[in-house]
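Before any comments, here is the structure.
The values are calculated or read from the model by the stated rules, or taken from the named source; none is laboratory data. Predicted, not measured: the structure shown is a model, and the values here were computed from it. Here Cβ is always computed from backbone atoms with ideal geometry, including for glycine, and neighbour counts include all displayed protein chains.
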Amino acid sequence: MSSNNFTSNIPVGISLSLLEVVCTIIIASLVKFIAGDLSVLMVLFFRYFFCVPLLLITAIKQRKYDALKINSNFGLFVRTLTGIGSFGCLFAALQFIDLSLMTTLLQTMPLFVVLLAPILIKEFVGWSRKFLALFGFIGVIIILDPFEKDWVNFGIIFGVLSPFFGAIMTIFVRRLGKTDHPATTALWYNILSAIVFLLVCLIFDIKWPNFNQTLIILTIIGFVSSLQQICLAYSLKFAPASLLAPLRYVSVPIGILVGVFYFREEISINFFIGTTIIVFCSLMIIKTKQKNNK
C-alpha cells in the first residue's frame, strides 16, 4: 500500500485499532463475568468455534481454492500450541485475578518478545531494548509486591504465562507470515483450537451451557472475537503498524475503569507505579525499534 493510501486512510486504521482494543476488553470482561458459572474450557471452545465461519469466508475470498493450503506445518503447530496456551492462560487467570491486573500483565508481551526473539529465531535485538525489557519487569514485581503474603497464586501464574505464550505466538506468526498467508494460518489456528477444546470438553464430560443468559454471552464472546480479528487485520491495512502499536496501551486505562466501576476492584499505588513502568518501557521499545528501522 502506498504512503498516500496510508495517509488518507489513517483515521480509519486508528478507529479500527481502537475498536479492536475495546473488543479485547469486552471479551475479557464477559469471560470474567461468567467465570464462576461455566468451565473455562467450554468458554474457549465457543470462542474458537464462532471465529471459524468468518475466517473461512475471508480465506476463501482471498485465496479461492488455496484457502486451506499451508506450507509450514511446524510453524502452524507452534503458532496453534502457543495461541492455545496464551488464550487458555488468559481465560483461566480471569477466574482468579482482577481484570485491571490482567490487562496490565498483557502489556508485558512486547517485553517477552524482545527477550525471546534472539533465542527462538536468532533475531538481532540491541542492548538498549534488552535493558528496557528487563527494566519493564521491575514494574511487574512492584505490582505483584513479593513482600505481601500469598502474592503468588494460580491467577498470577496464569496471568504471566498468557503474555509469555503470546510473545512466542507473535514471534512465530511473524516467521510464519514469510511462508504462509495470514488468513489461512488464522483459519487453521481457530479450527484446530476449536477441535482441541471440543475433545477436551467431551473427554472430561464438561457441562454444556443451557439455553439461557450464559449461552447468549458465549455467543457474544465468539462474535466479538471475530470482530476483534477483523479490526486487527484491517487496521494494519489502513495504517502503518508503527502508528497503531502504541494505541494498544489504551486498553490499560479502559481495563482499570471497567474493573473499578463494574467489578469493584481496588487499585493500589504499587499498581499505578508498576503499570507506568511497564507501559513506558514497552513504548520506548517500540520507539527504539522504529528509530533503528529508519
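Residue under question is S128, and the condition is that it be assigned to a helix (DSSP H, G or I), touching a residue at least 24 places away in the same chain (Cβ under 8 Å), more than 23 Å from T288 (Cβ to Cβ) and polar (S, T, N, Q); does it hold? No; evaluated as a whole, the condition is false for this residue. Restricting V173, V152, V114, V160 to those that are farther than 30 Å from K237 by Cα and either in a helix (DSSP H, G or I) or modelled with pLDDT of 85 or more (or both) reduces the list to V160. Checked against (1) under 24 Å from T103 (Cα atoms); (2) over 19 Å from the mean Cα position of the chain (by Cα), L215 passes all but a single condition, namely (1).
Within segment 167-187, the only residue that satisfies the criterion of being in contact with an Asp or Glu (Cβ under 9 Å, 6 or more places away or on another chain) and aliphatic (A, V, I, L, M) is I171. Looking at this structure, is T58 part of a helix (DSSP H, G or I), crowded, with 20+ Cβ neighbours inside 10 Å, hydroxyl-bearing (S, T, Y) and within 14 Å of the chain's Cα centre (by Cα)? Against the criterion (part of a helix (DSSP H, G or I), crowded, with 20+ Cβ neighbours inside 10 Å, hydroxyl-bearing (S, T, Y) and within 14 Å of the chain's Cα centre (by Cα)), T58 does not qualify.
Filtered by the rule that a residue be polar (S, T, N, Q), in contact with a Gly (Cβ under 7 Å, 6 or more places away or on another chain) and over 21 Å from F263 (Cα atoms), segment 59-113 gives S86, T108.
Restricting the first member to segment 22-40 and to residues that are at positive phi and buried (at least 18 other Cβ atoms within 10 Å of the Cβ), and the second to residues that are modelled with pLDDT of 90 or more and not polar (S, T, N, Q), no beta-carbon pair is closer than 6 Å while six or more apart or on different chains. Just checking, does segment 146-154 include any residue being crowded, with 21+ Cβ neighbours inside 10 Å, within 27 Å of G259 (Cβ to Cβ) and touching a residue at least 24 places away in the same chain (Cβ under 8 Å)? The answer is no, given that none of the residues of segment 146-154 is crowded, with 21+ Cβ neighbours inside 10 Å, within 27 Å of G259 (Cβ to Cβ) and touching a residue at least 24 places away in the same chain (Cβ under 8 Å).
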